[in-house]
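The values are calculated or read from the model by the stated rules, or taken from the named source; none is laboratory data. Note that the structure is predicted; figures quoted are calculated from it, not measured. As a convention, Cβ positions derive from the backbone with ideal geometry for all residues, glycine included, and neighbour counts pool all protein chains shown. We work out accessible area using only protein heavy atoms, side chains counted, and drop any ligands, DNA or RNA first. Shrake-Rupley method; radii C 1.70, N 1.55, O 1.52, S 1.80 Å.
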Protein chains: 2
Amino acid sequence: MVTVSTSKAETRTYHHGDLRSALVDAGLKALEIAPLEELSLRQIARDAGVSATAVYRHFPDKRALLAAMAHEGFDRLGAAQFNAVEQASPPLRFAESGRAYVRFALANPALFRLIFTYGEQFEGDHPDNLAARLLRAQTTEQRHGNVAEADRLSLQAWALVHGLAMLMLDGRINADDALIDRIIDPGSLFVVPGGGTAPAV
Amino acid sequence: MVTVSTSKAETRTYHHGDLRSALVDAGLKALEIAPLEELSLRQIARDAGVSATAVYRHFPDKRALLAAMAHEGFDRLGAAQFNAVEQASPPLRFAESGRAYVRFALANPALFRLIFTYGEQFEGDHPDNLAARLLRAQTTEQRHGNVAEADRLSLQAWALVHGLAMLMLDGRINADDALIDRIIDPGSLFVVPGGGTAPAV
DNA sequence: ACGCTATGTTTACGACATAAACATTAAACG
DNA sequence: CGTTTAATGTTTATGTCGTAAACATAGCGT
């Protein structure tokens with residue numbers, strides 16, 4: 001039987017070239033339209049045009065593939081936050097970073113869940129992306145070097161936006177843009193007793 | 001063949017009596033030692049001493065069984081919060097309710113996740129348990145009837161504790177009791193610009 | 001007493017994750 | 001260059017899963 005190769009110059013090699021990233025890409029693409037629990041290793045392999053067991057040449061099991069996808073997702077989330085921080089002027093950076101966080105979650109629900117379900121655990125110290133590190137540094141400075149307080153503020157802010165994102169994803173509160181703004185309100189949150197909003201970095 | 005019944009008076013009837021709650025109970029018990037994704041309908045049925053397909057006489061599918069379990073879990077969470085609110089004196093009720101929320105999540109990780117993954121969606125209005133309603137009413141009063149502001153405070157508080165619980169469950173921040181207290185700190189959160197902590201209900 | 005309907009069981013099917021054995025090809029080494 | 005070898009694919013097989021369909025039993029209203 002004559003193998004009719006595709007007309008394109010892309011020589012259909014037995015070996016794939018970079019199956020590992022192809023699988024991660026296929027998985028991330030699938031996550032855009034399907035929830036996490038509907039992702040099957042077999043489907044991802046099919047999408048990548050490869051047999052199911054080929055996956056095991058690159059990942060010890062399904063979990064590891066999901067972890068690789070989560071890693072990539074974490075990077076994308078970090079990039080979204082960094083962009084938001086970069087584009088905002090100092091007094092609004094904290095709030096903008098939070099808004100970017102929640103918006104990313106709403107735009108990529110399944111991926112956002114995956115990041116926190118299968119992402120690497122960062123025990124001990126909390127994990128950071130660039131934006132978070134930047135914000136904490138600026139907050140520390142604004143708090144006259146009170147690191148403990150800046151740390152607390154960072155965690156409180158993280159918990160707030162993470163909870164907001166999760167509750168919206170789970171349909172507990174309306175995924176409404178105006179509501180996001182009302183919850184992440186620099187004027188109402190973290191106000192120092194002396195007057196003036198706190199993390200005005 | 002002679003059916004050797006168990007010596008106990010519990011006559012092994014063909015019909016179960018209350019299989020529905022037995023299944024929910026078995027599922028909840030299983031969730032105490034295994035994560036959600038390891039829960040199989042077949043295992044739950046086995047634990048209840050019944051064939052797998054018997055489940056379908058009481059639930060249309062696995063999802064519905066999980067939803068019933070989530071409902072029961074939601075009630076337990078609400079009860080835990082209510083107890084905390086009841087036992088705390090007014091100025092600390094808000095914070096104690098939050099602490100109870102996070103403690104419940106840490107004590108029942110799989111159940112807590114289930115509640116928010118498979119629980120009923122409450123679109124439009126946010127869902128409440130008794131404790132939340134009570135707190136919001138008191139906050140409204142303390143804010144001289146400013147309902148919008150009380151609502152915002154309630155949502156902010158919910159997002160904060162929910163995010164804290166989730167991040168701890170996912171191993172992003174240490175599930176440490178002292179840390180919970182530091183994050184849920186009435187003295188640092190929601191402070192009104194005029195002075196004095198805000199939701200001091 | 002009898003039959004209807006509740007609620008169970010057995011059997012069957014296709015999808016899944018993964019293990020084991022086998023096939024192909026790219027790269028290392030002569 | 002040609003040969004060996006390790007990397008990277010495929011095929012086949014196993015046991016578990018959710019669920020549909022057909023069948024069995026028993027409790028209840030008449």
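In the stretch B:8-21, which residues are open to solvent by 30 Å² or more (accessible area, probe 1.4 Å) and at pLDDT 95 or above? First the steps, then the outcome.
Pass one, the stretch B:8-21, residues open to solvent by 30 Å² or more (accessible area, probe 1.4 Å): B:8-18, B:20-21.
Across the stretch B:8-21, the qualifying residues are B:R20, B:S21.
Results for (1) hydroxyl-bearing (S, T, Y); (2) crowded, with 17+ Cβ neighbours inside 10 Å; (3) more than 14 Å from chain A (Cβ to nearest Cβ), shown as yes or no for each residue.
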residue	(1), (2), (3)
B:G73	no, yes, no
B:L77	no, yes, no
B:V85	no, yes, yes
B:S89	yes, no, yes
B:F94	no, yes, yes
B:V102	no, yes, no
B:A105	no, yes, no
B:I115	no, yes, no
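Here A:E120 meets the list (1) acidic (D, E); (2) under 10 Å from the mean Cα position of the chain (by Cα); (3) not in a helix (DSSP H, G or I) almost entirely, failing just condition (2).
Being of a type in the set (A, V, I, L, M, F, W, C) and open to solvent by 70 Å² or more (accessible area, probe 1.4 Å), is that true of even one residue in the stretch A:33-56? Yes - at least one qualifying residue is present in the stretch A:33-56.
Going through the stretch B:53-95 one residue at a time, which ones are within 16 Å of DNA strand D (Cβ to nearest atom) and more than 22 Å from B:A110 (Cα to Cα)? Lay out the reasoning, then the answer.
Of the stretch B:53-95, the ones within 16 Å of DNA strand D (Cβ to nearest atom) are B:53-70.
Within the stretch B:53-95, B:T53, B:A54, B:Y56, B:R57, B:H58, B:P60 meet the criteria.
Counting only helices (runs of 4 or more DSSP H) that sit wholly inside the stretch A:40-111, those with at least 3 residues that are touching a residue at least 60 places away in the same chain (Cβ under 8 Å) are A:93-107. Report the residue count in the stretch A:26-45 for those that are within 12 Å of DNA strand C (Cβ to nearest atom) and farther than 24 Å from A:V161 by Cβ. Adding up the residues that qualify gives 12.
Residues in the stretch A:46-69 that are touching a Phe, Trp or Tyr at 6+ places or on another chain (Cβ under 8 Å) and within 7 Å of DNA strand C (Cβ to nearest atom): A:R63 alone.
Every residue, every condition in (1) buried (at least 20 other Cβ atoms within 10 Å of the Cβ); (2) in contact with a Phe, Trp or Tyr (Cβ under 7 Å, 6 or more places away or on another chain); (3) in contact (Cβ under 8 Å) with a residue 60 or more places away in the chain; (4) within 12 Å of chain B (Cβ to nearest Cβ), yes or no:
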| residue | (1), (2), (3), (4) |
| --- | --- |
| A:L130 | no, yes, no, no |
| A:Q142 | no, no, no, no |
| A:V147 | no, no, no, no |
| A:L153 | yes, yes, no, yes |
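All conditions in (1) modelled with pLDDT of 70 or more; (2) not assigned by TED's automatic domain parsing to the domain that holds B:Y101 hold for B:A198, with the sole exception of (1).
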